[in-house]
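Chemist: What follows is a structure written as structure tokens; I'll ask about it next.
The values are calculated or read from the model by the stated rules, or taken from the named source; none is laboratory data. What you see is a predicted model, and the numbers here were worked out from it, not measured in a lab. Here the Cβ is made from the backbone with ideal geometry for all residues, glycine too, and neighbour counts use every protein chain on show. Accessible surface areas use protein heavy atoms only, side chains included; no ligands, DNA or RNA. Shrake-Rupley method; radii C 1.70, N 1.55, O 1.52, S 1.80 Å.
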Amino acid sequence: MKKRLILLTFFLGLGFFYYMSIGFKVDYEEISLEEAPKKIRKDIYKDTSVTGFRVFQEGHHTYVYYKSNNKRNDYITTSLYMRWKAGSIVAMARVDYAANDGDISYDQLIKMDYRSSKDIKYEEEIMSK
């Protein structure tokens, strides 16, 4: 009986740690800028010098856009993920070295069901030089 309680406590603790640190995937769709609504494309193209996260609300969807700082035209790839982490939605952007020419990207746009921009937290992971 005591052994079962210890194992149950261990697995519950492991699950809680996973939820707090790694989180669970949120349903979203990676889309190209051409697939985005016209209003969002217009806002993004209006000022192309803005880097970092931008959130747009359109109808029943929320769009999260991330653009890395590519002033030096680095050989990089940019990825954007959404996760449930510690009770919040976290937008995680990762900028890393590109493995080949097909992987080069400086921005990413995702579409998901409506979420208030106040409920989203943001994390960046930039490659080290």
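Chemist: When region 85-97 is examined, which residues are found to be open to solvent by 90 Å² or more (accessible area, probe 1.4 Å) and either within 25 Å of Asp47 (Cα to Cα) or hydrophobic (A, V, I, L, M, F, W, C) (or both)?
Modeler: Scanning region 85-97 gives a single hit, Arg94.
Chemist: Another one. Residue by residue through region 98-129, note down the ones that are loosely packed, with under 14 Cβ neighbours inside 10 Å and closer than 11 Å to Ser79 by Cα.
Modeler: Glu124, Glu125, Ile126
Chemist: Restricting region 45-71 to residues that are over 13 Å from Asp107 (Cβ atoms) and in contact (Cβ under 8 Å) with a residue 60 or more places away in the chain, which is surrounded by the fewest Cβ atoms within 10 Å (Cβ to Cβ)?
Modeler: Ranking the candidates gives Gln57 first.
Chemist: If you don't mind, there's one more thing I want to ask. Considering only region 7-38, state which residues are outside any strand (DSSP E or B), surrounded by 10 or more Cβ atoms within 10 Å (Cβ to Cβ) and at pLDDT 80 or above.
Modeler: Thr9, Val26, Tyr28, Leu33, Glu35, Ala36, Pro37
Chemist: Just give me the residues in region 83-97 being free of Cβ contacts under 8 Å to residues at least 40 places away in the same chain and either in a strand (DSSP E or B) or under 22 Å from Val50 (Cα atoms) (or both), in sequence order.
Modeler: Within region 83-97, Ser88, Ala91, Met92, Arg94, Val95, Asp96, Tyr97 qualify.
Matching residues to (1) within 14 Å of Glu30 (Cα to Cα); (2) assigned to a loop (DSSP other than H, G, I, E, B); (3) out of contact with any strand residue (DSSP E or B) (no Cβ under 7 Å at 6 or more places or on another chain):
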site: Asp43; (1), (2), (3): no, no, no
site: Asp74; (1), (2), (3): no, yes, yes
site: Thr78; (1), (2), (3): yes, no, no
site: Tyr81; (1), (2), (3): yes, no, no
site: Lys121; (1), (2), (3): no, no, no
